[in-house]
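The values are calculated or read from the model by the stated rules, or taken from the named source; none is laboratory data. Note that this is a predicted model, so its numbers are computed, not measured. Positions of Cβ are backbone-derived with ideal geometry, glycine not excepted, and every protein chain shown enters the neighbour counts.
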Amino acid sequence: MDLLGVLLPRRCAVCATPGEELCQDCSEGFRRLRAPLCSRCDAPTVWPVARCRECSGRRLAFASARGAIAYDRAAAQFVRSWKERGLRRLAHLAAAIVAEALPRPEGVLTFVPADPGRARERGHHPAGRLAAELAVLWELPVEHLLRRSRRVRPQRGLPVADRRKNVAGAFVAADPCPRTVIVVDDVYTTGSTAAAAASALRRGGARSVHVVTLARAVRGHGLHSR
């Protein structure tokens, strides 16, 4: 008998229905991002564009950012269960969603490094685990190329301009870096963290940096679902 299963029966991370860790209804209910999208940051757009109003006028060190699903209430609940409730096994499900939604990239995978304090509280690092799971599914190497150079305030709740200032120069990359690097993170909100990580990798010698996340915040755009 699975004593742990008796004491702590599995429930869906989104709706709490007993059974699978992500029930079929919730899995199918995630809103997948689909074209037309901004070529640079993956924001849903009315028609295909190279730079949308969200990323135009910004110096972005990454060549592209791609997310699998929209960061809506259901996705936020899934990520919260994964990150804050310590359900580490959800990383495997998150990777499967990403691999199903996005084409296999070329390059070396890395991930946004954890804040040491929050990593100790959680006991795990979701972005690092997601990168490791994707490395298996995509058959790509994964390397620890980034480290934090200083402590930063949590990004949650900060205005966009303050988010950018908060993480500017917060990362240092290995030197030399591989030519093409894919940075993995759990959620793309404003792109501030992704841009800061990509800047560090470019300073380390990477020629092309791409960003891959499970979810992407969608604001002020029509959302195309499938």
When you check Glu143 against the structure, is it within 21 Å of Ala174 (Cα to Cα) and out of contact with any helix residue (DSSP H, G or I) (no Cβ under 6 Å at 6 or more places or on another chain), yes or no? yes
Unique match (being crowded, with 16+ Cβ neighbours inside 10 Å, within 15 Å of the chain's Cα centre (by Cα), part of a helix (DSSP H, G or I) and at pLDDT 95 or above) among Leu109, Leu130: Leu130
Search segment 199-218 for residues being in contact with an Asp or Glu (Cβ under 8 Å, 6 or more places away or on another chain) and part of a loop (DSSP other than H, G, I, E, B), and hand back the single one that is nearest to Ala65 (Cα to Cα). Val218
Hits in segment 165-198 - residues which are part of a helix (DSSP H, G or I), modelled with pLDDT of 95 or more and surrounded by fewer than 24 Cβ atoms within 10 Å (Cβ to Cβ): none
May I ask you to list pairs of residues, at least six apart or on different chains, whose Cβ atoms are under 9 Å apart, with the first in segment 61-89 being at positive phi and the second being surrounded by 14 or more Cβ atoms within 10 Å (Cβ to Cβ)? Gly86/Arg122; Gly86/His124
